[in-house]
1. Find the accessible area per residue for the chain; the probe is 1.4 Å, ligands and nucleic acids are left out, and the unit is Å².
2. FRET efficiency for Val26 and Phe55, Cβ-Cβ distance as r, R0 = 22 Å, nearest 0.05?
3. In vacuo Debye scattering of the chain, one point per C-alpha: log10 I(q)/I(0) at q = 0.22, 0.24, 0.27 Å⁻¹?
Amino acid sequence: GIEFIDSYVFNKVENIRFNSTVGRYVGYTELGVKNAEAWNKGPQLGQEQAELERFCKPDAALHYR
């Protein structure tokens, strides 16, 4: 399977991550947790899922054939 990860890092600390296997954002800092809660309810979640469909799956098909 394909796993798409989009990490948001500030000062070398990962604050938040979208993981397609989990299907949502996960926060790793206090601010990241707050943002993850908001982003999971907003348009950001749909945008990440669209990137998986638009970019990752077609690219993976090229590499794995």
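The values are calculated or read from the model by the stated rules, or taken from the named source; none is laboratory data. On a predicted model such as this, the values are computed, not experimentally measured, just so you know. In this analysis, Cβ positions are derived from the backbone assuming ideal geometry, glycine residues included, and neighbour counts consider all displayed protein chains. The protein model used for the area step is the full one, side chains on, heavy atoms only, and it has no ligands, DNA or RNA in it. Shrake-Rupley method; radii C 1.70, N 1.55, O 1.52, S 1.80 Å.
1. Computed with neighbouring chains in place, this is 74 Å² per residue.
2. Numbers: r = 21 Å, r/R0 = 0.95.
So the FRET efficiency works out to roughly 0.60.
3. -0.87, -0.97, -1.11
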